[in-house]
Amino acid sequence: MNIAVFGLGYVGCISAACLAREGHHVLGVDPNQTKVDMINRGRSPIVEKDIDTILHEIVKEGKGKGTLTATTDGKRAVIETEISLICVGTPSQLNGDLDLAYVTRCAQEIGMGLKQRQAYHVVVARSTMLPGSVEKVIREVEYRSGKKVGQDFGAAMNPEFLREGSSVEDFYHPAITVIGGFDTKSGDYVEQMYAFLEAPIARTDIRTAEMIKYANNAFHGLKVAFANEIGVICKALNIDSHQVMNIFCMDHKLNLSPYYLKPGFAFGGSCLPKDLRAITYRAKDKDLQVPVLQSVLESNRRHIERAIQAILTTGKKKIGILGLSFKPGTDDLRESPMVTLIETLLGKGCKIRIYDKNVSLARLVGANKEFIEKEIPHISSLMAEKLNDVISHAEILIIGHRDPEFAEILSHLPEDIVIYDLVRVSDDLSFVPKGYEGICW
């Protein structure tokens, strides 16, 4: 394919060199004449293991074919290629927002080039940008070119996951290649460009592709901060933190897994709240500041408040609750966020009916019978034995468990009932009724 790479900094240079190495004809674009001259002489404008060698080999092998060349003329690059990769910087402004000046300049150049190009062309963003940014790029390209996205040109988001020091290895062996296409045709062009890679490909929409990079980097930062806070607590307690974390990372069932990484409702139960309180108390006892760990319970509390506020905002007072324990398949009500939610709603004058088959059984013979009778008798009295009793009572139905029984009823509920789902009760939400709402989706 014929590919233009806008921006010959770190991401652009790596992308251009590696794509050219795989047989694509790549034209690098940069306003810096020095960078352009270095590329055209087969020299790397960045210092990175293997890159100097790769560029030298590319230029030596394809000297007569022009496999990798560079220019300062962005319009020419678009006219001569099928794909434009935007790889320019998106630095921070003083307020923390992104400065998209370089991206906008690229979009303007691409648009002016497209105005003179007759054939279809795909604009692909590789630069890290907040969700909604590519839409601005598309509007700018449309304005400058007088052409229509989805008709005259395509658009896509293809976030990069290159680490400094191992970028060539990362380019050729990514964990996943994310392609967010404006439409199927746009995504197909990008997928064809990466046909030489063996990594799995995730096809999605543009905004999801923009967001995944921020989810990744926020989690990476969180992991570093978490490990460091565990480390300072271990040091204060004369424990080898590396041994602790080495054992921690051996658990791929819970610790290093997708298990706790599904957006949903707050956590509860007999372990997580209690143990977080204990470890942060011990840190405080040792005069240690561990803001990440200390913020977890506060974040959990705010998530419960978020749900309460959303429910109260509906103005409906007759509420049905599906699922009461802190997670499905158990009768454990200790520190259940659902109990907190219900108690707050009762205090606001709501009329509540609850269905949870496990808790109903526990009221009779379960290990939590005493807890139910002594601690929450006011809630216990609101339990219904049949699911239909709760549905017939409710103006708003709150789903608190990911139970197949609850997923099955979604398509059979009355049209005027509001459903507030705290757990994403089904992976397939294409059939949900009009009144359906999720807490964070």
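The values are calculated or read from the model by the stated rules, or taken from the named source; none is laboratory data. What you see is a predicted model, and the numbers here were worked out from it, not measured in a lab. Every residue, glycine as well, gets a Cβ built from its backbone with ideal geometry; the counts of neighbours run over all protein chains shown. For the accessible areas, the whole protein counts, side chains as well, though only heavy atoms, and no ligand, DNA or RNA atoms are used. Shrake-Rupley method; radii C 1.70, N 1.55, O 1.52, S 1.80 Å.
Annotations
- Among Glu229, Glu142, Glu370: highest mean-square fluctuation, GNM of the chain, C-alpha pairs under 10 Å: Glu370
- Relative contact order (%) - criterion: Cα under 8 Å, at least six apart; region: the chain: 9
- Nearest 10 degrees, 0 to 90: helix 10-21 Cα axis against the chain principal axis: 60
- Built from the Cα atoms of the range 1-88, the convex hull projects on average onto 4.7 nm², one quarter of its surface area.
- Taken about its Cα centre, the range 80-184 carries a charge dipole of roughly 380 debye when the Cβ of each Lys and Arg holds +1 and the Cβ of each Asp and Glu holds -1.
- Converting phi to 3J(HN,Hα) with the Karplus coefficients 6.51, -1.76 and 1.60 and the offset θ = phi - 60°, the range 327-336 yields 7, x, x, 9, 9, 6, 10, 5, 6, 5 Hz in sequence order, with x at every glycine or proline.
- The charge dipole of the range 301-363, taken about the Cα centre with unit charges on the Cβ atoms of Lys, Arg (+1) and Asp, Glu (-1), comes to about 320 debye, rounded to the nearest 20.
- In the chain, the longest principal axis of the Cα atoms and the axis of helix 101-116 are about 60 degrees apart.
- Efficiency of FRET from Cβ geometry, Asp50 and Asn95, R₀ 30 Å, rounded to 0.05: 0.20
- Projecting label points 7 angstrom from Cα along Cα→Cβ for Ala278 and Lys60 puts them 6.3 nm apart.
- Mean separation of Cα contacts under 8 Å (6+ apart) over length of the range 333-441, as relative contact order %: 20
- Gained length - Ile176 relative to Asp188, 0.36 nm times residue gap less alpha-carbon distance: 2.7 nm
- Chain lengthening between Ala236 and Lys253 when straightened (0.36 nm per residue, less Cα-Cα): 3.2 nm
- Surface share of carbon and sulfur [accessible, 1.4 angstrom probe, percent] for the chain: 52
- Ranked packing of 41-47, 17-23, most packed first, by mean Cβ within 10 Å: 17-23, 41-47
- Computed from the Cβ-Cβ distance with R0 of 56 Å, the FRET efficiency linking Asp389 to Glu22 stands at 0.30.
- Using a probe of 1.4 Å on the protein chains alone, the accessible area found for Asp251 is around 50 Å².
- Distance from the range 105-139 to the range 1-35 (C-alpha centre basis), Å: 16
- Per residue, the convex hull spanned by the Cα atoms of the chain measures out at 193 cubic angstrom.
- A Gaussian network model of the chain, with springs between Cα atoms under 10 Å, assigns the largest mean-square fluctuation among Leu341, Leu85, Leu27 to Leu341.
- Listed by chain and number, the aspartates and glutamates whose alpha-carbon sits under 17 Å from that of Lys75, ignoring those within fewer than 8 places in the same chain, are Asp30, Glu109, Glu140, Glu142, Asp152.
- Between the range 292-336 and the range 218-266, the alpha-carbon center distance in angstrom: 25
- The residue among Ile308, Val29, Ala199 whose Cα reaches farthest toward the positive pole of the charge dipole of the chain, with charges on the beta-carbon of Lys, Arg, Asp and Glu, is Ile308.
- Pairs exceeding 21 Å between alpha-carbon atoms, taken from Lys316/Lys357; Lys327/Lys369; Lys327/Lys351; Lys327/Lys348; Lys213/Lys434: Lys316/Lys357; Lys327/Lys351; Lys327/Lys348; Lys213/Lys434.
- Restricting the chymotrypsin sites (Phe, Trp or Tyr not before Pro) of the range 219-296 to loop positions (DSSP other than H, G, I, E, B) with no more than 13 neighbouring Cβ atoms within 10 Å leaves Tyr259, Tyr260.
- Once backbone amide H atoms are built at 1.01 Å from N, Val5 has Leu27, Gly28, Val29, Leu85 as its partners under 5 Å, excluding neighbours fewer than 5 places away on the same chain.
- Placing R0 at 30 angstrom, the Cβ-Cβ distance between Asp73 and Lys136 gives a FRET efficiency of 0.80 after rounding to 0.05.
- Residue-normalised accessible area of the chain, given per residue in Å² at a 1.4 Å probe: 52
- For the range 174-210 versus the range 350-420, the inter-centroid distance based on Cα atoms is 43 Å.
- Highest-MSF residue in the chain out of Asp240, Asp421, Asp183 [GNM, Cα springs under 10 Å]: Asp240
- The slack between Phe219 and Cys271, meaning 0.36 nm per residue of separation minus the straight C-alpha distance, is 16.4 nm.
- Placing unit charges on the Cβ atoms only, positive for Lys and Arg and negative for Asp and Glu, gives the chain a dipole magnitude near 660 debye about its Cα centre.
- Helix 291-313 axis, angle to the chain major axis (alpha carbon atoms, nearest 10°): 70
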